[in-house]
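The values are calculated or read from the model by the stated rules, or taken from the named source; none is laboratory data. All values derive from a computational prediction rather than experimental measurement. Glycine also receives a Cβ, built like all others from the backbone with ideal geometry; neighbour counts cover every protein chain displayed. Protein only, heavy atoms only, side chains kept; ligands, DNA and RNA dropped before computing areas. Shrake-Rupley method; radii C 1.70, N 1.55, O 1.52, S 1.80 Å.
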Amino acid sequence: MGRAFEFRKARKMKRWSAMSKAFTRIGKDIVMAVKEGGPDPDSNSRLRAVIQNAKSVNMPKDNIERAIKRASDKNQGDYKEVIFEGYAPHGIAILVETATDNNTRTVANVRSYFNKCDGSLGTSGSVVFMFDHTCNFKIKGENLNLEELELELIDFGVEEIFEDTDEDADGNEINSVIIYAPFESFGKIQSYLEENTIEILSSGFERIPQVTKPLDGEKVADVEKLLEKLEEDDDVQNVYHTMEELNV
């Protein structure tokens, strides 16, 4: 298996810690999607993808509809996507994706987390080149031939396809297939899956470190301290780093 498989396996143990955080994140994604392409998911592919993700974390239908309605209100402020780059202690590169309606607040908060945890906030471009920007899809795995699907999607730039398993709320095992491709391939792959009535369970974007660095226990704790502070911030959508993660 490739880097995407190992990356997914490690992060699977670090899902959103609280459902309220997941809902906050998706609420912002809905606002940005509606502001960009309108409130109709049939004509707004980005909104369709966000709604799929909302369902995948069991966000109630009423919550989704209210979020779309609020986002359609002209008085609803928009969120700007801002990336921060820097270093944690022990030379670990950190990339932070945020969605904010107050950039001054977000900059001050992120800077304070780095400073308090003996890290350093860098300039634009200082670490982003260390990560591959990818898109991913989780699709239903029933009645799918992975080899045939990979051959069909190879022209769209797909780099990895592998099987995955999750558990539903009742503890039942759910089989799915994960697809990874370059960031720019998202639209083409989404269209192919929809046109071929392959059910998309969730989709998104991730930044996979090209090289990771192993640390011992105490040093890992130093880095985790910064990661936790960043991930707890409401403006933060995703945090990526180059520390080697153990599959536990």
(request) Please report, largest first and rounded to whole Å, the three semi-axes of the ellipsoid equivalent to the range 1-109, where each semi-axis is the square root of five times an eigenvalue of the C-alpha gyration tensor. (result) 27, 20, 13
(message) 7 Å from Cα along Cα→Cβ at both E173 and T197: what's the point-to-point distance in nm?
(response) 2.8
(message) Within the range 227-243, name every residue whose backbone N is under 18 Å away from a label modeled 7 Å from Cα of T24 along the Cβ vector.
(response) 227-240
(message) Once you place label points 7 Å from the Cα toward the Cβ at E184 and E36, how far apart are they in nm?
(response) 1.7
(request) Once every Cα of the range 161-224 carries one equal point scatterer and solvent is ignored, give the base-10 log of I(q)/I(0) from the Debye formula at q = 0.14, 0.21, 0.30 Å⁻¹, two decimals. (result) -0.68, -0.96, -1.32
(message) Looking at the range 55-184, I'd like the Rg to Rh ratio, where Rg is from alpha-carbon atoms and Rh is Kirkwood's inverse mean 1/r.
(response) 1.06
(message) Show me, for the range 190-205, the HN-Hα J-couplings you get by feeding each phi into the Karplus relation (A = 6.51, B = -1.76, C = 1.60, θ = phi - 60°), rounded to Hz, glycine and proline as x.
(response) 4, 4, 4, 5, 5, 5, 9, 6, 8, 6, 8, 7, 6, 7, x, 10
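With 18 Å as the limit, write out which pairs from K35/K229; K28/K80; K35/K69; K55/K140; K116/K219; K21/K55 have Cα-Cα distances beyond it, or answer none.
Values: K35/K229 29 Å; K28/K80 10 Å; K35/K69 11 Å; K55/K140 14 Å; K116/K219 16 Å; K21/K55 15 Å.
With Cα atoms farther than 18 Å apart: K35/K229.
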(request) Please compute P(r) over all alpha-carbon pairs of the chain, binned at 10 Å starting from zero, and give each bin as a whole-number percent. (result) 7, 28, 35, 24, 6, 0
(message) Relative contact order for the range 208-248: what percent, with Cα pairs under 8 Å and sequence separation of 6 or more?
(response) 60
(message) Using the Kirkwood radius over C-alpha pairs as Rh, can you work out the diffusion coefficient of the range 123-248 via Stokes-Einstein at 37 °C, viscosity 0.692 mPa s, in µm² per second?
(response) 194
(request) May I ask you to rank D166, D40, D118 by accessible area, largest first, using a 1.4 Å probe over the protein chains only? (result) D118, D40, D166
